[in-house]
Amino acid sequence: MTLWQIRTVVDDEPGRLAALAGSLGELSVNILSVQVHPVVAGAVDDFVADAPASLTAEDLTAAVAAGGGRRAVVRPADVHGLADPPTRALQLAARLVRDPESLPLALSDLLDGGAVEWSPAGVPVPDDGELRLRDPRGGSLRVVRMDSRLTPSEAARAHALADLATLLAGAPEGVVTWRRASVTDVDAIAAMHDRCSDETRFRRYHSGLTRVPRKQLARLVNPRLGVALVGEVDGTIVALGNLMWCGADDATPAELGLLVEDAWQSRGLGTAVTRRLLAAAVDAECDRIHALVRPDNVPMLRLLAGLGLPTHRHWEDGTLTVTVDLAAEIEEGVASSLGQ
């Protein structure tokens with residue numbers, strides 16, 4: 001037997017689900033779990049079924065149509081699909097509490113691998129009927145099911161998950177104020193570096209320096225060389241993000257760098273400052289940025305993957321160069337401005 005996920009639209013009338021189940025039953029297909037989503041066109045039935053191994057997706061699609069189903073989507077499933085919606089939602093909420101940066105991935109899992117794309121703040125949002133959620137770390141998230149449109153109940157679940165992320169971002173222990181850095185912050189930035197562990201500094205600078213020279217720190221906050229943002233808690237700098245402009249002959253015009261004090265890691269600060277820096281890159285019409293990442297720096301790799309933007313990786317001399325493509329964000333902003 002093989003597990004399949006079947007999603008189809010049926011008329012919202014008595015006996016329709018029974019007719020659909022009967023049509024599948026004739027092929028010895030057993031429905032193991034079912035969700036019914038009311039929609040304007042009737043109801044969306046979303047269920048996991050156990051079918052003989054000899055049956056194909058085309059066989060199941062034909063059986064659904066014979067039972068009165070329309071616009072059927074049939075794809076392989078696994079045992080995770082058998083989890084009931086409340087259990088699944090609680091699991092995703094628990095993951096979000098443990099890792100506040102995981103909202104895009106949690107939304108994707110909530111919608112069976114749906115696409116979640118991030119846009120920086122300030123980019124106009126088209127009125128296309130798709131679900132847009134405010135990202136508490138900055139910007140907005142565009143959420144799309146890969147196989148069909150979201151139902152109202154699915155949209156409500158996505159909103160609830162985003163609301164939880166907003167509450168977590170506003171928790172008293174996580175209140176961080178972001179601002180542009182200046183040369184007057186060098187002493188406070190140096191003190192933050194001193195509080196960081198050797199591993200944290202090594203991941204940022206790829207060297208074993210126990211103390212970063214003040215000349216280098218001053219360069220990081222020089223506004224002529226890039227954009228530098230600091231995150232403060234009660235006047236103490238706990239995070240630094242940099243977008244450094246590269247030379248005109250460089251294939252990728254800006255380099256991203258992050259440093260978050262150990263005690264404040266895994267709270268979403270890295271994602272928050274990255275999205276603010278990417279918004280600055282879009283404003284500067286910078287179509288690509290890159291980050292030099294050691295392969296064991298899993299948090300940074302996960303952060304970049306969770307942005308919902310196209311990325312490319314290049315391996316050389318023990319270091320990954322991860323390039324983030326911003327061209328689509330710039331084109332969307334230009335197109336919207338031309339239409340105004």
Quiz item: If we keep just the residues of segment 224-234 that are open to solvent by 10 Å² or more (accessible area, probe 1.4 Å) and under 16 Å from Ala263 (Cα atoms), which is farthest from the chain's Cα centre (by Cα)?
Solution: Asp234
Quiz item: What number of residues within segment 45-72 satisfy the criterion of being open to solvent by less than 40 Å² (accessible area, probe 1.4 Å) and within 15 Å of Gln5 (Cβ to Cβ)?
Solution: 14
Practice problem: Would you check if Asp112 is closer than 16 Å to Arg157 by Cβ, modelled with pLDDT under 90 and not polar (S, T, N, Q)? | Solution: yes
Practice problem: Determine if segment 197-206 includes at least one residue that is open to solvent by less than 40 Å² (accessible area, probe 1.4 Å) and of a type in the set (A, V, I, L, M, F, W, C). | Solution: no
Quiz item: Only one of these conditions is not met by Ser266: (1) under 20 Å from Leu217 (Cβ atoms); (2) open to solvent by 10 Å² or more (accessible area, probe 1.4 Å). Which number is it?
Solution: (1)
Practice problem: Could you tell me which of the residues Gly308, Gly257, Gly241 is open to solvent by less than 20 Å² (accessible area, probe 1.4 Å), in contact with a helix residue (DSSP H, G or I) (Cβ under 7 Å, 6 or more places away or on another chain) and in contact (Cβ under 8 Å) with a residue 40 or more places away in the chain? | Solution: Gly257
Quiz item: Does Leu105 satisfy the condition of being part of a helix (DSSP H, G or I), closer than 26 Å to Pro310 by Cα and either open to solvent by 50 Å² or more (accessible area, probe 1.4 Å) or among the charged types (D, E, K, R) (or both)?
Solution: yes
Practice problem: From (1) more than 25 Å from Asp296 (Cβ to Cβ); (2) modelled with pLDDT under 95, pick out the condition that doesn't hold for Glu199. | Solution: (1)
Exercise. Would you please name the residue that is farthest from Pro85 (Cα to Cα), looking only at residues in segment 116-130 that are open to solvent by less than 30 Å² (accessible area, probe 1.4 Å) and at pLDDT 80 or above?
Key: Trp118
Exercise. Select from segment 76-97 the residues that are touching a residue at least 12 places away in the same chain (Cβ under 8 Å) and loosely packed, with under 15 Cβ neighbours inside 10 Å and write down the one among them that is nearest to Arg302 (Cα to Cα).
Key: Val97
Exercise. Test each condition in (1) under 12 Å from Trp118 (Cα atoms); (2) more than 14 Å from the chain's Cα centre (by Cα) for Arg275 and report the one that comes out false.
Key: (2)
Practice problem: Quickly run through segment 208-232 and pick out the residues that are over 20 Å from Thr274 (Cβ atoms) and among the small types (Gly, Ala, Ser). | Solution: Gly208, Ala218
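The values are calculated or read from the model by the stated rules, or taken from the named source; none is laboratory data. Because the structure is predicted, anything quoted here is derived from the model rather than measured. For neighbour counting, all protein chains shown are included, and Cβ atoms are generated from backbone atoms with ideal geometry for every residue, glycine included. Side chains are part of the model used for accessible areas, which takes the heavy atoms of the whole protein and leaves out ligands, DNA and RNA. Shrake-Rupley method; radii C 1.70, N 1.55, O 1.52, S 1.80 Å.
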